[in-house]
Every structure is written in C-alpha cells, then in structure tokens.
Amino acid sequence: MYTVVVAVTADRGLEVARYVTTLAEDGREVEAIVVNVFEEFEVADEAGVVNSADLFEDVEPPEIVDAVTSDLESAGVDVTVRHEHGDPVTEIMRVAEEVDADTIAVESRKRSPTGKAIFGSTAQRLVLEADRPVTVMTEPSD
C-alpha cells in the first residue's frame, strides 16, 4: 500500500487529490490520509483571552476537505480524514511519521520569486523540513 498524506488547507487541495488519483490509476493500491490543521492561535483584548484550543472541538473542517475526500474515494483510494490542531507543518509531519507515509502532497499558491523568498509557506516549510518526499502541486494557470 502506498500511503500519501494529503495536506488540505482552507481553500486548497483539489489539485493534490487529482495527483493522488493518478497514482491509483496506475494500478497501485493507494491510501490517502487527508490532513486539515486548525492553526493554533491566541488573541487577547480587554474582554479576555481566546485560545484556539478552546475552539478546536467546535470547529468543523472546511468544505474543501469533503470535496477532496469525495474525489479520492471516487477514484478508489482508501481515505482517512484527520482534523488536527497546532502548527500546520508540525502537525502534517507528525501525522506522516505516525502513519509512516511514503510521501506528503500539498498544494501551493502561485507566488512571485520575491514573494517566495520573503514569505514562508506551508509547502515551502514542508519541502525544507520533512524527512520524506514532498510533492507540491501548484494551482492551474488561468
């Protein structure tokens, strides 16, 4: 079984699902662990402190998770959905380690070369920090 951790953000993941379905089309058995991370935060004002951990249990994963899951299942891919809380890169890598994933697949926004150098991204951090292959899909050109 070829195991892929599919990182899904609030609005990205369909290109990754398409990539994973091509793996299944090649006749290999594919398992996808769809991971969405509710990013950790803390906000304070005169009314008090709001911590993301207090909200996590009540927050549903974004609708894109259902769309990605549906696409993968339609292609015959075994799917497990994980909704995690914390730093996205840390949590994605933790899940990949836990399931002994063969690869991590993530979708990246298009950015200018300067934007890539100045602003970090989940995809960029995964490529630099992961201990296994990372496949980065970019959104299609208009």
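Here, each number is a calculation from the coordinates, and none is a lab measurement. Model, not experiment: these values are computed from the prediction. Don't worry about glycine lacking a Cβ; one is built from the backbone with ideal geometry, like all the others, and counts go over all protein chains shown.
Would you mind ranking Thr90, Thr22 by Cβ crowding within 10 Å, fewest neighbours first?
Listed from fewest to most nearby Cβ atoms, that is Thr22, Thr90.
Which shape class applies to the chain: rounded if a/c is under 1.5, otherwise prolate when a/b exceeds b/c and oblate if not, where a ≥ b ≥ c are the square roots of the Cα gyration tensor eigenvalues?
Judged from the Cα gyration tensor, the chain comes out prolate (a/c at least 1.5, a/b above b/c).
Within the chain, which is the longest segment containing none of the GluC sites (Glu not before Pro) that sit in a DSSP loop and have at most 12 other Cβ atoms within 10 Å?
47-142
How high is the relative contact order of the chain, in percent, with contacts defined as C-alpha pairs under 8 Å that are six or more residues apart?
Relative contact order comes out at 32 percent.
With a cut-off of at most 10 other beta carbons within 10 Å, and DSSP calling the residue loop, which trypsin sites (Lys or Arg not before Pro) in the stretch 5-84 qualify? Please list them.
Within the stretch 5-84, the qualifying trypsin sites (Lys or Arg not before Pro) (loop, at most 10 other Cβ atoms within 10 Å) are Arg28.
Using the beta-carbon distance between Arg18 and Glu57 and R0 = 41 Å, what value does 1/(1 + (r/R0)^6) give for FRET efficiency, to the nearest 0.05?
After rounding, the FRET efficiency stands at 0.85.
In nanometres, what is the gap between the two model label sites at Thr90 and Glu46, each 7 Å from Cα along Cα-to-Cβ?
Going by the 7 Å Cα→Cβ label model, 3.3 nm.
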